[in-house]
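Read the structure below first, then the notes.
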Amino acid sequence: MMDSAEFRKRGKEMVDYMADYLEEIEKRQVYPGVNPGYLRPMIPASAPEDPETFEDVMKDVERVIMPGVTHWQSPYFFAYFPTASSYPSLLADMLCGAIGCLGFSWTASPACTELEIVMLDWLAKMIHLPKEFLAGGDGDGGGVIQGTASEACLMVMLAARTKVIQQLHLKHPELSRGEIMDKLVGYFSDQFCATLGTTPSCAFDNLLELGPICKEENIWLHIDAAYAGSAFVCPEFRHFMKGVEFANSYNFNPHKWLLVNFDCSTLWVKERTDLTDAFKLNPVYLQHNHQECGLITDYRHWQIPQGRRFRSLKLWFVFRLYGVKGLQEFIRKHVRLAHEFEDLVRQDERFEISADVTLGLVCFRLKGSNELNKTLLENINQTKKIHIVPCKLRDKFVLRFVICARTTESHHVQFAWKHIKELAVELLNGGYQTQIRN
């Protein structure tokens, strides 16, 4: 059994292992070469009866785990969106695990609750959200950390439903809850909700068109800025937010692009009671003497789970150790690298850019058929030197190239383009020229 003395020793070894992993990650194959089911034959069928050594466990990390890891922090990973990570955030997560509190109420761990309130206000100010979303202002709003943007979207959808049901029941007390629910309608696009920075192409909805309609019709407007929201720490990108004042709720993921590791999805509402009315859970064993003082937030009323981790530590560490200027430079660097890749694509007449490049995502393709581009993508990912994923834009199969890793530099982008171009040449020389001419 591990005691505190061994924990100190092994903890230092683990930090060294983590630092070595991140420093040398580009030497590892970015995308694993294993087949489904690879892991089960590599480990025993049952847990060991007797304790094993830490050394044996760490040997199996390299033997069993690492061969099946897609290295999201690799500078050759250009797929999906960033999964933010930084040394300050990792240290904060270690401290979170050591403290081990479950912050479902203020009294369960006051610092866990109060730091989250303040950090969400800090972050709201950093991206210039309207003051109505702040908990420390004169309004009734506030922020909360959720697990993912999908979870946040579900939260506000359920909260909006509860609010409308309550409003309609007051107007029509003769109607049952079921009869009211039968009449409810949600309005969505093919991206799910109002979006700043869609997943396929980083497109932006026009909030100045959507917002007034929602206000006039008393429709809850939720804005999902999961990826692009981090960029709004930079003033030059905030024009994409015009109209955000019409929103009832707003969400983005610092764990995507703001150097805070997963999970940390920040959600703000203008009316905190919209959430607490929908999710209030108050058994006797969770009640406490401070509940009615008007200053207390019990975050179990702001989420679907009851328990929650001390995730605001990650925000606190990152904001203090990078500063706003450091975060801005990080975002700007990624945007510059994306435009560098865009310029390389535009210089090759065999390729085309498929959507405006606004932040760190470039949508591009070979001029030609969808099948041609599918084959190119397969060849790229089969060689496992870089990793990218596709999307569909107006029925066209498109390749997405995203600047993801904290450590990505210009020479990684140049390497990726050279590799893509070489595979494209091989493909075109294999008989696809006719398709392109057509």
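Each value in this text was obtained by applying a stated rule to the coordinates, not by laboratory testing. Since we're looking at a predicted model, the values are computed, not measured. Glycine gets a Cβ as well: all are built from the backbone with ideal geometry, and neighbour counts include every protein chain shown.
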Quiz item: For the stretch 119-197, which GluC sites (Glu not before Pro) are in a loop by DSSP, counting at most 14 other Cβ atoms within 10 Å?
Solution: GLU174
Quiz item: Here are several values of semi-axes √(5λ) of the Cα gyration tensor in Å: (i) 39, 32, 21; (ii) 40, 23, 22; (iii) 56, 36, 19. Which one was derived from the coordinates shown?
Solution: (i)
Quiz item: For MET181 and LYS384, FRET efficiency with R0 = 56 Å and r from the beta-carbon atoms, rounded to 0.05?
Solution: 0.70
Quiz item: Once the stretch 126-239 is represented by equal point scatterers at the alpha-carbon sites, with solvent omitted, what log10 I(q)/I(0) does the Debye formula produce at q = 0.11, 0.21, 0.24 Å⁻¹?
Solution: -0.45, -1.40, -1.56
Quiz item: Once you wrap a convex hull around the alpha carbon atoms of the stretch 184-338, what is its projected area averaged over all directions, in nm²?
Solution: 11.7 nm²
Exercise. Would you mind checking the pairs LYS314/LYS418; LYS325/LYS392; LYS215/LYS333; LYS270/LYS314; LYS183/LYS270 and listing those with alpha carbons more than 27 angstrom apart?
Key: LYS314/LYS418; LYS325/LYS392; LYS215/LYS333
Exercise. Name the most mobile residue of LYS418, LYS131, LYS183, meaning the one with the largest mean-square fluctuation, in a Gaussian network model of the chain with Cα contacts below 10 Å.
Key: LYS183
Self-check item: Cα-based shape type of the stretch 1-136, given that a ≥ b ≥ c are square roots of the gyration tensor eigenvalues and the cut on a/c is 1.5
Solution: oblate
Exercise. Estimate the FRET efficiency between ALA5 and LYS333 by the formula 1/(1 + (r/R0)^6), using the beta-carbon distance for r and 60 Å for R0, to the nearest 0.05.
Key: 0.90
Quiz item: Extension gain THR407-ILE353, at 0.36 nm per residue separation less the Cα-Cα distance, in nm?
Solution: 16.9 nm
Quiz item: In angstroms, what radius of gyration and Dmax does the stretch 341-438 have, counting Cα atoms only?
Solution: 12.8, 41
Practice problem: Diagonalise the Cα gyration tensor of the stretch 70-177 and give the resulting equivalent ellipsoid semi-axes, square root of 5 times each eigenvalue, largest first, whole Å. | Solution: 34, 21, 16
